[in-house]
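Okay, structure first, notes after.
The values are calculated or read from the model by the stated rules, or taken from the named source; none is laboratory data. Just so you know, these numbers come straight off a predicted model, no measurement behind them. Because the Cβ atoms are built from the backbone with ideal geometry, glycine has one as well, and the counts that use them run over all protein chains shown.
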Ligand code: ADP
């Protein structure tokens, strides 16, 4: 290509980069900025003249939702350069020149020379401010509606009880049966409203973990006691095994909900057989399995179980109702405890949910980093 053609292509590329609506910059292998487009300038406030030739880590800072700094160990650009493949870091917070935090969606791709060697990387980061605003508006709408529904529901339940007990005059057997149906639906609505409010509080960081030594063995025993009646009503067994106990720390009341949700689901989605809760360890972490002989979850749906409102296609076989919020809440609580939730499942054979918890010392470090306010 002649030099005038090269210059023309360069000018065209410059124009394309400049008019791109998404923030974009190019770095070499040392993360020194080679190209910085106009959208990057308007999103982060740094002009091209201020950043060219500088290492991006000196003026850009990416922080994820949990406050974890990505630019040192988990820098998406460094990962891209090191592994020579595209990295999508998702929506993170970028620190602008003004000190303001801007939500951006980061994806990085490696750049190669003619010999196929990685010579740098390009990062594209659309501004997600509008999407974040819509998301937070949606969350606050859900929370307001849920709050407003709670009071009338409590009153409806109270009056239903009065009528059912005959306090407003004698009722027939058929009226009593109909009132029971209304009552069970009011209870379902109440559970949905409470789950929505709890999930909103957990997701927005308004729930604080009260860190104390946590007796998992006692928690499992209590859970078995609570659910034994439900299991025997369905003709299912429910048992626990303690192989080994690792000292852990956490919020007993909050974390009990994890075990209760998993056991309640195990019983709900099982037609024959039963559930085993097993306490043990893997490496230095505590490990709790909740294993059932239930309907299972298809392999292509397993990855969705922690999403809000998700219900697996196998749920219908059990005739059970649900909102699909329980596991979203469970996942949030496990994450707040620095733990991990894994699922193995096979349709028609059963499911095994496993929760891992860090040993007490690591959890104490998390406690120090924990922010947020109680409601
Ligand atoms: P739900 O209120 O529907 O029970 P969850 O969030 O607790 O909501 O669970 C989401 C979905 O995951 C359920 O609807 C069900 O399809 C599936 N699921 C959860 N636990 C199990 C289990 N132990 N066995 C089979 N399916 C399960």
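Selection of helices (runs of 4 or more DSSP H) fully inside the stretch 202-321 by the criterion of at least 2 residues being surrounded by fewer than 17 Cβ atoms within 10 Å (Cβ to Cβ) and either within 14 Å of the ligand (Cβ to nearest atom) or under 24 Å from the mean Cα position of the chain (by Cα) (or both) returns 252-268, 299-302. Is it the case that residue 356 is over 26 Å from residue 235 (Cα atoms), within 8 Å of the ligand (Cβ to nearest atom) and in the same structural domain as residue 223 (by TED's automatic domain parsing)? It is false that residue 356 is over 26 Å from residue 235 (Cα atoms), within 8 Å of the ligand (Cβ to nearest atom) and in the same structural domain as residue 223 (by TED's automatic domain parsing).
Note on the stretch 322-351: residues that are surrounded by fewer than 19 Cβ atoms within 10 Å (Cβ to Cβ), outside any loop (DSSP other than H, G, I, E, B) and within 9 Å of the ligand (Cβ to nearest atom) amount to 1. Note on the stretch 1-39: residues that are loosely packed, with under 14 Cβ neighbours inside 10 Å and closer than 12 Å to residue 52 by Cβ amount to 0.
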